[in-house]
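Structure record follows, encoded as structure tokens.
The values are calculated or read from the model by the stated rules, or taken from the named source; none is laboratory data. Bear in mind that the values here come from a model prediction, so they are computed numbers and not experimental data. Positions of Cβ are backbone-derived with ideal geometry, glycine not excepted, and every protein chain shown enters the neighbour counts. Ligands, DNA and RNA are excluded from the accessible area calculation, which covers all protein heavy atoms including side chains. Shrake-Rupley method; radii C 1.70, N 1.55, O 1.52, S 1.80 Å.
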Amino acid sequence: IPPGGLMKAVVRPGAGDNPQSGNQVIFHCTTRTSEGVIVESTRPELGGSGEPIKLVLGKSKMIRGWEEGLLTVPKGEIAMLKILPEFHYGDPDCPVSAREDFPKHEILIFEIEMLEIRPVKVITDDFGVLKQVLREGEGFETAREPYEIKVWITGSVNGEVFFSHTKGNPFEFCFGKKEVPVGLEKGIGTMTKGEKAIVYVTTQYLTPSSAIPDLPVTSGEVAFEVEVVQIIQVRDMFGDGRVVKRRIRDGVGEFPMDCPLQDSTLRIHYKGMLPNEGGKVFVDTRNDNEGGEPLVFATGEGLVPEGLEICIKLMLPGELALITCSPEYAYDKFPRPKLVPENAQVQWEVELLSFDAVKDWTGYNFKEIMDDATKMRTTGNRLFKEGKFELAKAKYEKILREFKHVNPQDDNEGVEFAQARTLIQLNVAACEQKQGNFRKCIELCNQVLEVNPCHSKALYRRGNAFMGMGDFDDARKDFEKMASTDKSSEADAKAALSTLKRKEQEANARVRKQFQGLFDKKPGELSKETLEPREVAENSARSEEQQPEEIVNPPSSLRQRMKTIWNAGRSLWRGQKCVIL
């Protein structure tokens, strides 16, 4: 603002520091013309509502004169701000509007009394929920749905307390269940353990709640002074209730940085229970193991039920948690203890004692690296044989990631390294094939065949992937090339060709049955019996307007006809429907 655009006169000095950008300022304002005529006021004695103005400097929309003028008014000060029209509501780009009879093209004097300055954090974009931090918390973890939280809390309006819970057991509620007003939940959701703050909630965010039923009726804001005692982490691992982890006791460290997210060796105590049978215990390591020894196992090797391992990876050392797991992630796919019936939901109470992260290959020589890679590949092979293809693939892919940082020092090491890498690539391809990801399998095999076009195992893997996709011609080429280039694999190639022939015959039989009668039609003739009456009428009308292009040389063999239909269908978007003439 240029000189003369904004002038200030102090009527009564204030105390303390001036507000800063990001602070909330609360003030009374009376607007007058240069002749002293009152235009509007927040003061009740001057016709106002008595409700002061509340703005967040640097974030709330306001006139330009206030943007700079309010930054010079400390708490308790009364000041007069004289502002030219182009710097208040007379500015054509003014972000706030005034009523029609407002003298926005005149010089105006704004009498400001600064009531309070708050260093706040904006929680909602409309400034309906603000937070003033009184004491910083510890760590980074904050609560969200479906977490549970324990707090000390006091609610007040204009200093008058209407709700208080600061003695006995802390006030406890669950996020996402409308147990507290939505504005209070939003504010507490930004707080960490040990943090103390005041959450200011305006009327639109004071929604009905079961835990605080008697909310005051106010046109202003409600202040909730909150101190977070404990954040109880509750994680729905898949978002559908099949695997849920609830923290009972906090661990040591920062979440999730200090969790065993990567493959590690864990030491745990756990107790398994059947919630549908009154919490019947079917295993307890403290009682069942000799000397109360903990269970020690390596993650990523399928040694414990999948649901249990997924949750333990998100625990801190010393943490105690309750894990509730559906049958498919408990013992449906894992050796079931005698006391656990089929299709049983289970609960595990788990304490993570400690863990050792797997060491990387830093400082290893080539032999040590290759020996460790062999151990990992052996573990992956075991998982593959057990049908745990995703875990096996993770082991193989980890080796390939680590291989990117390995530099063989001579030709012998180079040959050994290249052979090992090729073997691992083909193992990943086998996992992709078993999981039905045929295109990924083909891509991996192509990487090997680019280096060695006659690699029999790569041809075999790719041929099976082609066969799985129904691309029998390409599969046949791979199997025939495999037989001609590697005599030791000739028996496997012949067996694969025999399987290919059988699958191709089965596929053709299914196609004939599915499209029986379709190929007896003349080119351009619709199979009306398969259409709804409305569709028949529409197609008839359309055919009168435009006759379909006639195929001069229609495909003769069934395979050629199917390929023609397939190529036509590939141009469709998902959900589109067409009639092939």
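Against the condition open to solvent by 40 Å² or more (accessible area, probe 1.4 Å) and not hydroxyl-bearing (S, T, Y), how does V161 come out, does it pass? Before you say what the answer is, go through the steps one by one.
Numbers: open to solvent by 40 Å² or more (accessible area, probe 1.4 Å): yes; not hydroxyl-bearing (S, T, Y): yes.
It is true that V161 is open to solvent by 40 Å² or more (accessible area, probe 1.4 Å) and not hydroxyl-bearing (S, T, Y).
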* **All positions within the range 404-434 that are in contact (Cβ under 8 Å) with a residue 12 or more places away in the chain, open to solvent by 30 Å² or more (accessible area, probe 1.4 Å) and not in a helix (DSSP H, G or I)** => H405, P408, Q409
* Could you tell me whether any residue of the range 178-190 is open to solvent by 60 Å² or more (accessible area, probe 1.4 Å) and closer than 21 Å to G155 by Cβ? => yes
* Structure fact -> Residues of the range 435-468 being free of Cβ contacts under 8 Å to residues at least 12 places away in the same chain, surrounded by 16 or more Cβ atoms within 10 Å (Cβ to Cβ) and charged (D, E, K, R), in sequence order, are K440
* **Subset of the range 42-79 that is in contact with a strand residue (DSSP E or B) (Cβ under 7 Å, 6 or more places away or on another chain) and open to solvent by 50 Å² or more (accessible area, probe 1.4 Å) - its residue that is farthest from D17 (Cα to Cα)** => G47
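In the range 127-187, which strands (runs of 3 or more DSSP E) lie fully inside it and hold 3 or more residues that are in contact (Cβ under 8 Å) with a residue 60 or more places away in the chain? Please lay out each step first, then the result.
Working: elements: 129-135, 148-157, 160-165, 171-174.
In the range 127-187, the matching strands (runs of 3 or more DSSP E) lie at 129-135, 148-157.
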* Structure fact -> In the range 207-235, anything open to solvent by 20 Å² or more (accessible area, probe 1.4 Å), among the β-branched types (V, I, T) and touching a residue at least 24 places away in the same chain (Cβ under 8 Å) is listed as T207, T218, V229
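Mind listing whichever residues of the range 135-170 are acidic (D, E) and either within 13 Å of E227 (Cα to Cα) or touching a helix residue (DSSP H, G or I) at 6+ places or on another chain (Cβ under 6 Å) (or both)? Don't jump to the end; show me each part of the working.
So the first thing to find is which residues in the range 135-170 are acidic (D, E), and the list is 136, 138, 141, 145, 148, 160.
Within the range 135-170, E136, E138 qualify.
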* Being acidic (D, E) and closer than 19 Å to I107 by Cβ is the filter here, so list the residues in the range 54-82 that pass it. => E67, E68
* Structure fact -> Matching residues in the range 261-280 (open to solvent by less than 20 Å² (accessible area, probe 1.4 Å) and at pLDDT 95 or above) number 5
* **Conditions (1) open to solvent by 50 Å² or more (accessible area, probe 1.4 Å); (2) acidic (D, E); (3) touching a helix residue (DSSP H, G or I) at 6+ places or on another chain (Cβ under 8 Å); (4) over 30 Å from W361 (Cα atoms); number of the one not met by D471** => (3)
* Would you mind telling me which numbered condition in (1) under 30 Å from F334 (Cα atoms); (2) open to solvent by less than 50 Å² (accessible area, probe 1.4 Å); (3) outside any loop (DSSP other than H, G, I, E, B) M370 fails? => (1)
* Structure fact -> Given the conditions (1) open to solvent by 40 Å² or more (accessible area, probe 1.4 Å); (2) part of a strand (DSSP E or B); (3) farther than 30 Å from Q345 by Cα, every one holds for Q204 apart from (2)
* Do we have V283 as open to solvent by 50 Å² or more (accessible area, probe 1.4 Å), outside any helix (DSSP H, G or I) and in contact (Cβ under 8 Å) with a residue 24 or more places away in the chain here? -> no
